[in-house]
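Reading through the structure tokens given below for one structure.
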Amino acid sequence: MSQPPESRDSMRVVRQRGEHTVSRRQMDPDALKVMYRLMHNGFTAYLVGGGVRDLLLGMQPKDFDVATDAHPRQIRRLFRNSFLIGRRFRLVHVRFDDKFVEVSTFRRRPEEAVPEPNSEGATEDGAPSDPESLYQESDNTFGTPVEDAWRRDFTINALFYDIRTYAIIDHVGGLKDLDERLIRSIGNPDERFLEDPVRMLRAVRFAARLDCRIEPETYAAIIRHHEQLALAAPPRMLEEIYKLFPFASAETAFHMLRRTRLLAVLFPEIDAFLDRGGRETEWFWKHLAELDRQTRTNEKPPDASMVFAVLNFAPFLEALRLERRQDDFVRHAGIARSLLEPCALRYRMPKRVFYRTLQLLDAQRRFEGPQQRYSRRFAAHEVFADALVLRRSQLLVTGGDVSTLAPWLAMQTDVRHAEPADGQPEERRGRRRGRGRRRGPRDREGGAGPAESSAESMGDAPLA
Ligand code: ATP
Ligand code: MG
């Protein structure tokens, strides 16, 4: 960073209890328990990051993270239900019934690009993985609260709520930026984005989700360095991509990604598709808007395969249109695969997600044409409900008649009611009955389920 944090702590602002709207009643009781126990044992404990930011904005935080001056070993001693995790075991997860609270020790510098330990306990770069040796090795990485604030990404993400005084402590100008709804890099944005290019994607995510603007210097740095995003580690990218969707702001986020040129790096195929400007490009945006609308009403965020299916749906329809042959036979699954594969390989998408996305796109042929077969086996298939949502979305987007889906909805209800008492899904019974059935020409792309044969080997392993 351009200036050492110490020389900048003149920026320190404290908003006392009563001068802000954050109350303990809005916080997770387990996060409060963690902070109080740290405090009662003589440590400093702050609520940090998205928890403070979202409460100040009047939003419900996704999770509550805690920062402290206690070292990981000391934190572990205080909480029996705690585990060391993360790069070089510098974080502690305190587990509760249905969740964990993440506790981190104040850090001096941003995270170095050190790979996560693999399942055998060694890091990919061959670094030792014994927790004790890592504690000693990493002692000089811990720092003061000021340093910890300065190693964070954006000013609004670096606010501390002090459990001892109930005050909000701001070392970086985050309160002012929050009032003005600005996403501003802490320190020099060029340096911060080169240090960790994923921050550019995070800037867009926060701007879209929190209805903020990206501060001009930060924005200009994203434009300058957007190509660096290609250097980020695939698993982190995949995680950040998913995080663009749960808050019903994907459409805004993708418009921003396109304007900042980040989309050209993130999804070059989709970016090129949008450049071509065919009639399907308009559908692309409408599908994202429709997904956001559903997300607002659904309890759960969209499944990862649904995310990729929606992103690739309009390009898929364009490819179908371009490839449709005289005899009207188009290999839907093949086209979907060739669209998805580059992205799946780039981000090491889990096989399960890849094949389910493929199935969702391939399944669309089942809803097409006057001769569509109202197959019970398809209606009992695991992807049916999501495939139907996608189909409905397409009808809405193109001004089609959603009432044409009534027979499918009736069949879906029927299949659900017919589910046997032993819980064996209709799909499996159907499969047994169907064994040995002659395969007609319409089955050339797979059996009862969409792209079914590929799905047999689904797992969590990445595609490559
Ligand atoms: P969300 O509500 O989406 O979880 P968040 O701000 O809590 O938003 P997290 O990814 O959970 O985001 O990270 C928690 C905090 O850790 C951030 O608020 C920020 O202070 C810090 N942080 C996360 N990623 C980075 C990064 N790449 N560089 C610097 N600081 C980061
Ligand atoms: Mg968070």
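Some points to look at:
- Residues that are within 15 Å of ligand 2 (Cβ to nearest atom) and either touching a Ser or Thr at 6+ places or on another chain (Cβ under 9 Å) or modelled with pLDDT of 95 or more (or both) within the range 84-93 comprise Gly86, Leu91, His93, listed in sequence order.
- Arg236 vs. criteria within 16 Å of ligand 2 (Cβ to nearest atom), touching a residue at least 40 places away in the same chain (Cβ under 8 Å) and touching a helix residue (DSSP H, G or I) at 6+ places or on another chain (Cβ under 8 Å): no
- Test result for Arg164, outside any helix (DSSP H, G or I), at pLDDT 95 or above, more than 29 Å from the chain's Cα centre (by Cα) and not hydrophobic (A, V, I, L, M, F, W, C): yes
- The residues of the range 161-176 that are within 18 Å of Leu57 (Cβ to Cβ) and surrounded by 24 or more Cβ atoms within 10 Å (Cβ to Cβ), listed by number, are Tyr161, Ile168, Val172, Gly174.
- Number of the exception - Leu194 against (1) surrounded by 19 or more Cβ atoms within 10 Å (Cβ to Cβ); (2) within 14 Å of ligand 1 (Cβ to nearest atom); (3) not assigned by TED's automatic domain parsing to the domain that holds Leu55: (1)
- Selection status of Glu102, within 16 Å of ligand 2 (Cβ to nearest atom), modelled with pLDDT under 65 and in the same structural domain as Val34 (by TED's automatic domain parsing): no
- Test: residue in the range 90-103 that is among the aromatic types (Phe, Trp, Tyr) and within 12 Å of ligand 1 (Cβ to nearest atom): no
- Leu244 falls short on exactly one of the conditions (1) surrounded by 19 or more Cβ atoms within 10 Å (Cβ to Cβ); (2) more than 17 Å from Arg53 (Cβ to Cβ); (3) more than 16 Å from ligand 2 (Cβ to nearest atom), and that condition is (3).
- One residue from Glu251, Glu191 being more than 16 Å from ligand 2 (Cβ to nearest atom), touching an Asp or Glu at 6+ places or on another chain (Cβ under 8 Å), in contact (Cβ under 8 Å) with a residue 40 or more places away in the chain and assigned to a helix (DSSP H, G or I): Glu251
- Pair list, Cβ < 6 Å and 6+ apart or interchain, from the range 57-85 residues that are farther than 20 Å from Phe142 by Cα to residues that are away from ligand 2 (no atom under 16 Å from the Cβ): Asn81/Arg95
- Considered as a group, the residues in the range 20-56 that are surrounded by 16 or more Cβ atoms within 10 Å (Cβ to Cβ) and assigned to a loop (DSSP other than H, G, I, E, B) include one that is farthest from ligand 1 (Cβ to nearest atom), and that residue is Phe43.
- Taking the criterion of being charged (D, E, K, R) and part of a strand (DSSP E or B), the residues of the range 70-99 that qualify are Arg95, Lys99.
- Residues being over 23 Å from the mean Cα position of the chain (by Cα), more than 16 Å from ligand 2 (Cβ to nearest atom) and either in the same structural domain as Ile163 (by TED's automatic domain parsing) or at pLDDT 90 or above (or both) are entirely absent from the range 52-60.
- Condition check for Ser338: out of contact with any Pro (no Cβ under 7 Å at 6 or more places or on another chain), assigned by TED's automatic domain parsing to the domain that holds Arg365 and modelled with pLDDT of 95 or more: no
- Selection within the range 61-83 - surrounded by 16 or more Cβ atoms within 10 Å (Cβ to Cβ), more than 21 Å from Pro145 (Cα to Cα) and away from ligand 2 (no atom under 16 Å from the Cβ): Phe79, Ser82
The values are calculated or read from the model by the stated rules, or taken from the named source; none is laboratory data. As the structure is a prediction and not an experimental result, all values here were calculated from the model. In this analysis, Cβ positions are derived from the backbone assuming ideal geometry, glycine residues included, and neighbour counts consider all displayed protein chains.
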